[in-house]
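Working notes for the structure below.
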Amino acid sequence: MKNILTEVYFGLKSLFIGMRITLGQFFKPTITVHYPYETLKIPPRFRGHIELVRDPSTGKPKCFVCKLCEKACPSDCITVEGVKPEGAKRKTVTNYRLDFTKCSLCGSCVEACRDGAIRFSREYNLASTSKEEFIMDLFQRLEAERNRTGQNETLDTPESSQAKPNAQAPRGLDQTTVSEPKVIPAAGAPKVEAT
Amino acid sequence: MIQASRDLIARWWPEPLRLLLFLAGIMAFVGLNAAYLVWVERKGAGRFQRRPGPTEVGPAGLLQPIADAIKLLSKQLIVPAGVDRSLFRLAPLLVMAPALAGLAVIPFSESLAARNLNVGLLMIFAFGSINVMAIMLGGWASRNKYSIISAARVVSQNVAYEIPMLLVVITMIMVMGTMNLSEIVGAQSGGFWHWNLLRLWVNPLMPLTFLIFYTCMLAETNRAPFDMAEAESELVAGAYTEYSGMGFGVFFMAEYANILLGCSLATVLFLGGWQSPLPFLPTLGPLWFLLKMYFLVFSVVWVRWTFPRTQFYGLLNLSWKILIPVSLVTLVLSSAMLKLF
């Protein structure tokens, strides 16, 4: 009898302790990242698909079509073409085709590049319904970016790396309602106090 | 002034019209509450788990229930092959109807009650017992093994929990000397220390009695941690597995309507209904009743997201080994106290 009573008493007490703990959590701020309104900071060594680097003085790609990256690629996903303009010392790139469906992000191309003309991008919002979308021309991508931002310098340098506001809002979201994303430091998961 | 307008209404409005208005009012109340309690539940679940909950449809996700309702209404009502068609269609209505009928005798304020029955409490429990049968019928008619397991569970669970609940109610009827809910509320006027919850001079175990009532209410409405009937991780959706569209929607609404009824009843029986907690605060119509009732509804959500589902033998042990003996003790104790003092 005494055992049952103590069991009931401590059982009941534990229920109330549990209720108190959950109510405490109820009033604390949320710990989830409200994607796409908020994004985590991308780690500096994040490997997106490769992209061409611009020469800040000319605004042209640094690449001079030595094709070392093409040779270094183990899965044959890079094709570089270029022309040598009249009077110029070096070739300039006209077509840099990356087949991202085959790329394993091994980084051999970035290592092979002598002039630092390619690097990993910080693009991670990649989704498409067709395979062809992932066979991309990096030269055109660079030009389009310059036309969009109007700047020679690429905004997205690894040193000041931050997640970009995702270019495409998720389906069903009005583009104009997507507010400026709040960037949260990516120190792993947000801290949770041990209770 | 209020009395005069009430007399005016009573004289000029025929009784059937009044009843129709109350019926429509209760149905709208139940419908809106069912829709928005889902929002409260989801938002509450989010907050308890420290995430934002629904945010996309409308400000703070407030239009989500309406979107859900439109979706459910526009879905096809599939009646699977081999089911008992009439019972299958009847079951959701049979779950909904007792809750609606029960709300008809709940006094929302001094003057706001659809029917001031002398046997209001008895009526609620008489209708409430249909609930079990309806879920059982739904499970049986579905011709689905999960539904039948769920139906068997519902019957043993609700039979087990109806006993302590009714013992508690008998205690309350003895203490109050009436089954009229308005009179029960009326006897609890004058500050929170007059509420039945704290009527310790009649029965020192009164808070415990309230806890038993609350636990049984959770079990009777098949809410977590006693949601054996639905048990989505074991039985798909239990008795609701084969229901689609608004068939499921009505079950869903009925669950919230039953929570509403249970919390209203707990408020009336233990928390002084529409009486204000402090004597100098005015009794503002149904305000205090709604505040207390929604606090209990919130605590139901709170309990759901705090405790895991009990195992079935644990559930029956709790009822037969703890709740029934304790409620018998409170019954005997309060009858002895009533006789002695």
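The values are calculated or read from the model by the stated rules, or taken from the named source; none is laboratory data. What you see is a predicted model; the values in this text were computed from it and never measured. All Cβ positions, even for glycine, are placed from backbone atoms using ideal geometry, and neighbour counts span all protein chains on display.
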Show the residue pairs that are 6+ apart or on different chains and have beta-carbon atoms under 6 Å apart, the first residue being within the stretch A:27-43 and under 14 Å from B:G53 (Cβ atoms), the second being surrounded by 12 or more Cβ atoms within 10 Å (Cβ to Cβ). A:T30/B:R50; A:T30/B:R51; A:T30/B:P52; A:I31/A:P190; A:I31/B:R50; A:T32/B:R51
Scanning the stretch B:63-102 residue by residue, those among the β-branched types (V, I, T) and part of a loop (DSSP other than H, G, I, E, B) turn out to be B:I78, B:V79, B:V83
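Quick grid of which residues meet (1) on the phi < 0 side of the Ramachandran plot; (2) without any contact (Cβ under 8 Å) to a residue 60 or more places away in the chain; (3) under 20 Å from the mean Cα position of the chain (by Cα):
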position	(1), (2), (3)
B:L122	yes, yes, yes
B:I130	yes, yes, yes
B:K145	yes, yes, no
B:I148	yes, yes, no
B:S156	yes, no, yes
B:E162	yes, yes, yes
B:V169	yes, no, yes
B:I184	yes, no, yes
B:Q188	yes, no, no
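Which residues, counting only those in the stretch A:31-56, are part of a loop (DSSP other than H, G, I, E, B) and β-branched (V, I, T)?
Within the stretch A:31-56, A:I31, A:T32, A:V33, A:I42, A:V53 meet the criteria.
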Hey, among the residues in the stretch A:11-30 that are facing another protein chain (nearest Cβ under 7 Å) and part of a loop (DSSP other than H, G, I, E, B), which one's farthest from the chain's Cα centre (by Cα)? A:K28
Does any residue of the stretch A:4-18 turn out to be closer than 30 Å to A:S108 by Cα and out of contact with any Phe, Trp or Tyr (no Cβ under 7 Å at 6 or more places or on another chain)? no
Tally, over the stretch B:23-62, of residues that are part of a loop (DSSP other than H, G, I, E, B) and within 14 Å of another protein chain (Cβ to nearest Cβ): 10
On the basis of being buried (at least 20 other Cβ atoms within 10 Å of the Cβ) and more than 13 Å from every other protein chain (Cβ to nearest Cβ), does B:M293 make the cut? yes
Criterion violated by B:L328 - all others in (1) within 13 Å of another protein chain (Cβ to nearest Cβ); (2) more than 20 Å from the chain's Cα centre (by Cα); (3) modelled with pLDDT of 90 or more satisfied: (1)
Being more than 13 Å from B:L37 (Cβ to Cβ), within 12 Å of chain A (Cβ to nearest Cβ) and part of a helix (DSSP H, G or I) is the filter here, so list the residues in the stretch B:303-312 that pass it. B:V303
Run down A:V65, A:V80 and say which single residue is on the phi > 0 side of the Ramachandran plot, assigned by TED's automatic domain parsing to the domain that holds A:L142, modelled with pLDDT of 85 or more and not acidic (D, E). A:V65
Kindly evaluate B:G190 against the criterion of being surrounded by fewer than 23 Cβ atoms within 10 Å (Cβ to Cβ) and touching a Leu at 6+ places or on another chain (Cβ under 9 Å). no
Kindly list the number of the only condition in (1) assigned to a helix (DSSP H, G or I); (2) without any contact (Cβ under 8 Å) to a residue 60 or more places away in the chain that fails for B:L200. (1)
Against the condition of a type in the set (D, E, K, R), in contact with a Phe, Trp or Tyr (Cβ under 6 Å, 6 or more places away or on another chain), more than 10 Å from chain B (Cβ to nearest Cβ) and surrounded by 12 or more Cβ atoms within 10 Å (Cβ to Cβ), how does A:R47 come out, does it pass? yes
Restricting to the stretch A:31-63, name every residue that is of a type in the set (K, R) and either under 15 Å from A:R119 (Cα atoms) or over 13 Å from the mean Cα position of the chain (by Cα) (or both). A:R45, A:R47, A:R54, A:K60, A:K62
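Residues checked against (1) more than 14 Å from every other protein chain (Cβ to nearest Cβ); (2) part of a loop (DSSP other than H, G, I, E, B); (3) closer than 24 Å to A:E132 by Cα:
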position: A:T6; (1), (2), (3): no, no, no
position: A:T58; (1), (2), (3): yes, yes, no
position: A:C63; (1), (2), (3): yes, yes, no
position: A:P74; (1), (2), (3): yes, yes, yes
position: A:C106; (1), (2), (3): yes, yes, yes
Among the residues listed as A:P61, A:P56, the single one being closer than 30 Å to A:L138 by Cβ, surrounded by 15 or more Cβ atoms within 10 Å (Cβ to Cβ) and in contact (Cβ under 8 Å) with a residue 12 or more places away in the chain: A:P61
Conditions first: (1) β-branched (V, I, T); (2) outside any loop (DSSP other than H, G, I, E, B); (3) modelled with pLDDT under 90; (4) over 30 Å from B:P80 (Cβ atoms). B:T283 passes all but one, so which condition is the exception? (2)
